[in-house]
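The structure under discussion appears below in the form of structure tokens.
The values are calculated or read from the model by the stated rules, or taken from the named source; none is laboratory data. This is a predicted model, so every value here is computed, not measured. Methodologically, a virtual Cβ is constructed for each residue, glycine included, from the backbone with ideal geometry; neighbour enumeration extends over all protein chains shown. Ligands, DNA and RNA are stripped out before the accessible areas are found, and what is left, the full protein with its side chains, is counted by its heavy atoms. Shrake-Rupley method; radii C 1.70, N 1.55, O 1.52, S 1.80 Å.
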Amino acid sequence: MNARGHFSNRFGFIAAAAGSAVGLGNIWKFPFEVAGGGGAAFVIMYLLFCFLLCFPVMVTEIAIGRKTQKDPVGAFAALGFPKWKFLGKMGVLAGVLILSFYNVVAGWAFGYFIQLSIGNFEIGNQFGDYINNIGRVGLYGIVFMFATAYVVSKGVSGGIEKASKILMPTLVAIILILVVYSMTLPHAFEGISYYLIPQFSEINFRVIYNALGQAFFSLSLGMGALITYGSYVSKDNNIISSAALITISDAGIAFLAGLMMFPFVAFLTNGAVDTVEGGPGLIFQVLPGAFESMGLVIGRIVGALFFLLLSFAALTSTISLLEVPVAYAVDELKVQRTYAVWFIALFIFLLGVPSLLSNGDSQFFTNFITYLGADKPTNFLDFIGHVGSDTMLPLGGFLMTIFAAYVWKKHNLNKEIETGYPGFKGTFIEKYIDFAVSYLCPTVLGIIFILTLLSRFLGVHVF
Ligand code: PHE
């Protein structure tokens with residue numbers, strides 16, 4: 001048998017990959033993007049982008065991984081294009097950067113789970129002080145990174161797959177319970193209407209851009225997470241149907257998160273959902289108040305469950321983020337897995353310390369950089385997010401589709417998909433994927449990358 005790890009079956013792979021996809025992006029970020037982007041109009045665009053644009057990229061990543069059975073750096077070399085190893089290295093770097101700040105926010109969520117379990121509803125009003133209390137959030141960050149590293153150190157089937165098979169069904173159960181409960185709250189209907197009735201007048205280029213970025217980040221694309229997971233998949237796996245299931249799970253959980261969140265917000269505001277500002281504070285500042293109004297006992301249970309949900313979602317994502325550099329160290333640098341895991345986790349945690357300090361503790365990291373044309377400085381945590389997620393992921397996706405279509409070549413991609421899906425040739429899906437990978441994805445992702453560079457860093461706002 002192969003000395004590398006393997007997922008033991010299809011469910012294991014799908015649970016792990018859906019676990020990577022479902023994360024803070026779905027439960028923390030998605031609802032506030034919806035609130036700021038025209039409710040259901042945003043949701044519709046998000047779903048379209050997931051299936052039309054992201055799905056083909058996901059298929060490509062999984063195919064590259066499964067064909068080569070290598071980490072993202074080794075994969076390009078194994079296909080015969082060592083010059084493209086830079087793309088794998090860029091993915092590893094993006095993973096390291098993203099995990100460094102993602103772990104900080106995951107730590108906040110975990111801390112909220114503890115605070116609400118003990119009935120501290122005030123925490124919502126004290127959010128600013130809470131994230132400033134470096135001793136406390138630092139500790140939660142350590143715990144979170146430790147849990148991530150522990151799972152990854154146990155290997156692919158014994159760690160990642162096992163944890164995902166427990167965490168993902170639990171997550172689905174928790175979110176269903178919360179959705180059903182939220183529907184019973186007063187004003188739930190107003191919340192749902194806001195969420196589900198599209199306000200097309202609010203759509204503009206910015207909203208479209210956000211929906212695209214959100215879909216791409218949410219599906220964990222552009223950095224080789226799915227090349228890595230794909231490399232642990234067996235040849236008889238049907239890549240198309242697996243990728244479809246992963247996409248459906250991710251979009252489905254995001255959709256359910258909205259279905260749960262808007263009744264909560266409507267409950268808190270007596271139906272005036274519009275009055276609540278979206279933004280990162282929605283979950284951390286607004287929701288504890290809603291839980292408090294549910295009463296001491298129910299509020300505690302619902303609040304704790306909510307943040308447990310968020311922590312579980314984050315954990316299956318941090319696991320995949322850590323696995324990318326670990327796979328690189330194990331496959332390419334021949335480091336023993338356990339050493340690689342603990343060393344890299346420590347390194348990334350330290351890299352995240354400036355992010356931990358960037359909410360007021362350290363003036364230097366709080367006012368880290370002022371972009372050209374901006375009137376306010378950006379803190380370190382957001383800066384790393386802008387570089388790692390908003391910029392490097394679309395660039396990675398752009399280059400990956402260019403690579404697949406024009407360097408590795410479409411017929412090789414198709415051949416790999418056919419292994420495990422013999423009827424693939426000649427199907428509509430085959431034609432669509434060929435078209436998307438050759439034209440649609442590189443064009444759209446290339447544009448996104450350029451727009452991000454211009455508007456984020458250079459102060460040029462095209463729209
Ligand atoms: N998809 C994860 C989320 O939605 C984030 C992530 C991005 C994970 C890239 C892995 C790789 O939270």
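Structure notes:
- With every protein chain in place, the range 346-458: carbon and sulfur % of accessible area (1.4 Å): 70
- For the range 23-31, Karplus couplings with θ = phi - 60° (6.51, -1.76, 1.60), whole Hz, Gly/Pro x: x, 3, x, 7, 9, 8, 7, 4, x
- Surface per residue (accessible, 1.4 Å probe) for the chain, Å²: 38
- Note on the range 53-203: Cα-Cα pairs beyond 18 Å make up 76% of the total pair count.
- Here the peptides 239-250, 345-356 are ranked by packing, the mean other Cβ count within 10 Å, and the order with the highest first is 239-250, 345-356.
- With DNA, RNA and ligands ignored, accessible area of Leu308 (1.4 Å probe; Å², nearest 10): 40
- Loop-located trypsin sites (Lys or Arg not before Pro) across the range 338-433 with a Cβ neighbour count of 16 or fewer within 10 Å are Lys425, with loop assigned by DSSP.
- Listed values for the range 260-269 are Karplus-derived 3J(HN,Hα) couplings in whole Hz (6.51 cos²θ - 1.76 cosθ + 1.60, θ = phi - 60°), namely 7, 6, 5, x, 4, 5, 5, 4, 5, 9, and x replaces Gly and Pro.
- Protection proxy ranking, highest mean first, for peptides 216-224, 391-399, 201-209: 216-224, 391-399, 201-209, where packing is the per-residue count of other beta-carbon atoms within 10 Å, averaged.
- The Cα center of the range 49-105 and the Cα center of the range 201-254 differ in position by 13 Å.
- Computed over the alpha-carbon pairs of the chain, the distance histogram in 10 Å steps reads 4, 21, 32, 27, 12, 3, 0 percent, short to long.
- Residue-wise HN-Hα couplings along the range 328-339, as the Karplus relation 6.51 cos²θ - 1.76 cosθ + 1.60 with θ = phi - 60° gives them from phi, are 4, 5, 6, 6, 8, 9, 6, 7, 5, 3, 4, 4 Hz; Gly and Pro carry x.
- Here the sum of -39500 (n - 2.57) over DSSP H runs of 4 or more residues, divided by the residues of the chain, equals -21000 deg cm²/dmol at 222 nm, to the nearest 500.
- Counted by Cβ distance under 14 Å from Val273, the other residues give a net charge of -4, where Lys and Arg count +1 and Asp and Glu count -1.
- All Cα-Cα distances of the range 95-180, cut into 5 Å bins from zero to the largest, leave 3, 13, 16, 20, 20, 16, 9, 2, 0 percent in each bin in turn.
- Proximity of backbone amide H atoms, modeled 1.01 Å from N, is registered between Ile369 and Thr378 at under 5 Å, excluding neighbours fewer than 5 places apart on the same chain.
- A cut-off under 11 angstrom between Cβ atoms defines the neighbours of Trp408, and their net charge, with Lys, Arg +1 and Asp, Glu -1, is +3.
- Taking the inverse of the mean reciprocal distance over all distinct Cα pairs, the Kirkwood hydrodynamic radius of the range 334-463 comes to 18.1 Å.
- Evaluating kT/(6 pi eta Rh) at 10 °C and 1.306 mPa s, with the Kirkwood radius of the range 1-139 over Cα pairs in the Stokes-Einstein relation, gives 85 µm² s⁻¹.
- Environment charge at Ile208 (Cβ cut-off 14 Å; Lys +1, Arg +1, Asp -1, Glu -1): -1
- The range 227-386 - convex hull of alpha carbons, volume per residue in Å³: 205
- Note on Val104: accessible area is roughly 10 Å² with a 1.4 Å probe, heavy atoms of protein only.
- In the range 25-117, the trypsin sites (Lys or Arg not before Pro) that fall in loop regions by DSSP, at most 13 other Cβ within 10 Å: none
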